[in-house]
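Data block below; observations after.
The values are calculated or read from the model by the stated rules, or taken from the named source; none is laboratory data. Note that the coordinates shown come from a computational prediction; the quantities given were computed from them, not determined experimentally. Backbone-built Cβ (ideal geometry, glycine too); neighbour counts: all protein chains shown. To get the accessible areas, we keep the full protein, side chains included, count just its heavy atoms, and leave off ligands, DNA and RNA. Shrake-Rupley method; radii C 1.70, N 1.55, O 1.52, S 1.80 Å.
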There are 2 protein chains.
Amino acid sequence: MGDPRVTDAFATYLRSHNLPVTEQRLAVADVVLSADEHLSAEEVETRLAGRGVSVGTATVYRTLDVLVKSGLVVERDFGEGFRRFESARGMPHHEHLICTVCGQVAEFRDERLERMTTLVAEAHGYVRQRHRLVIYGVCAKCRG
Amino acid sequence: MGDPRVTDAFATYLRSHNLPVTEQRLAVADVVLSADEHLSAEEVETRLAGRGVSVGTATVYRTLDVLVKSGLVVERDFGEGFRRFESARGMPHHEHLICTVCGQVAEFRDERLERMTTLVAEAHGYVRQRHRLVIYGVCAKCRG
DNA sequence: CTCATTGCAAAGGATTTGCACTAAT
DNA sequence: ATTAGTGCAAATCCTTTGCAATGAG
């Protein structure tokens, strides 16, 4: 279930770091890396259950941490009170647009932000590391 | 303690909405509205205690909600795992710059963002409501 | 065989809620 | 008098941790 190529990168990462390659880790990685939504830890667990695989909550969180450290997954915080995880998929930095009615998430890129935030940071004596922009609005479907 | 003028606006709001004007509400409002930092609920409670006023945790949270609804206070989420509250002080929308070492927060404004986010939202079929931009970096002091 | 991972349940931190009690209007 | 607010403790939600059992290398 799932494209083996997506989890291969994680298995390689684990081996090169002398970390055990376990069934649970590969299962979590497969769910997150092959999803195209931004999943919460709970959603990951539910999807695993849906596949008949049962992975403990603690292991899901622990594996998500490893995935984030590996760089294969990016952590997101949309201010919902919990975190979401998204496959990095080699996709460059991008911003999010969230529907405040249904929660639908759209993504976009704007290279100007990189430059703009660097300049603003400098002007305040900071050295920029990263930025996060989230736009809240109502999607077309919810205005139907 | 504290400038009565800052809490007057809140008292007026409460009366105009037929909500009881209580000592606790005014105390919480005074702490948040006269602070120039972004306070967490716990910090608000600590400051109240420092003034010799004791307000229950639940009441602090409940009052912060009312303050946010009144528009006098704005809620912030810097991804720390808890919320912060900032006086709106008639200040227009602004963005935040956060030092990832010491947590120091700087603020800035950029009117271009308003227009830019509106256009991006439109391009994706959304009607923009608001946006939030946070830049993470290291401040001058922490590099010193 | 050895050491890291797993699962479960308990612990944690932030925030909310139920409820008897008190205060505002 | 009414009605809403208050404090406390219990409950909730998301996440982390302790620990004995298990599995990878």
Exercise. Along the stretch B:122-136, what does the Karplus equation 6.51 cos²θ - 1.76 cosθ + 1.60 (θ = phi - 60°) give for ³J(HN,Hα), rounded to whole Hz, x for Gly and Pro?
Worked result: 4, 4, 9, x, 9, 9, 4, 10, 7, 8, 8, 10, 10, 10, 9
Exercise. Reported to two decimal places, what Rg/Rh ratio describes the protein assembly as shown when computed on Cα atoms with Rh from the Kirkwood expression?
Worked result: 1.02
Exercise. What does the convex hull of the Cα atoms of the stretch A:4-87 come to per residue, in Å³, rounded to a whole number?
Worked result: 85 Å³
Seminar exercise, completed: Diffing the stretch B:87-104: the Karplus 3J(HN,Hα) column from phi (6.51, -1.76, 1.60, θ = phi - 60°), in whole Hz with x for Gly and Pro, holds 5, 6, 6, x, 6, x, 3, 8, 9, 10, 10, 10, 7, 6, 9, 9, x, 4
Exercise. Just in the stretch B:36-96: which trypsin sites (Lys or Arg not before Pro) are loop by DSSP and have at most 16 other Cβ atoms within 10 Å?
Worked result: B:ARG51, B:ARG89
Exercise. Nearest 10 degrees, 0 to 90: what angle lies between the long axis of helix A:41-50 and the longest principal axis of chain A (Cα atoms)?
Worked result: 40 degrees
For this session: Straight distance only, please: which lysines reach the Cα of A:LYS141 with their own Cα at less than 29 Å, same-chain residues fewer than 8 apart left out?
Result: B:LYS69
Problem set entry | Residue of A:LEU33, A:LEU119, A:LEU14 that the Gaussian network model of chain A assigns the largest fluctuation, springs spanning Cα pairs under 10 Å | A:LEU119
Exercise. Within the stretch A:21-144, what percent of beta bridges assigned by DSSP are antiparallel, to the nearest 5?
Worked result: 70 percent
Problem set entry | Antiparallel content of DSSP bridges confined to the stretch B:95-143, in %, to 5 | 50 percent
Exercise. In chain B, if every C-alpha pair distance is counted and binned at 5 Å from zero, what percent goes to each bin?
Worked result: 2, 8, 17, 18, 17, 15, 11, 8, 4, 1, 0
For this session: Could you list which residues have their amide H under 5 Å from that of A:SER40, counting only those 5 or more apart in sequence or on another chain, with H placed in the peptide plane?
Result: A:PHE85
Exercise. Can you list, shortest first in nanometers, how far B:ALA140 lies from the same residue in the other copies, with each label 7 Å from Cα toward Cβ?
Worked result: 4.8
For this session: Count the net charge of all other residues whose Cβ sits under 12 Å from the Cβ of A:THR63, scoring Lys and Arg as +1 and Asp and Glu as -1.
Result: -1
Exercise. Okay, helix-only estimate at 222 nm for chain B: each DSSP H run of n ≥ 4 adds -39500 (n - 2.57), divide by all residues, round to 500 deg cm²/dmol; what do you get?
Worked result: -14000 deg cm²/dmol
Exercise. Chains B and A: buried accessible surface, both sides, probe 1.4 Å, rounded to 100 Å²?
Worked result: 3000 Å²
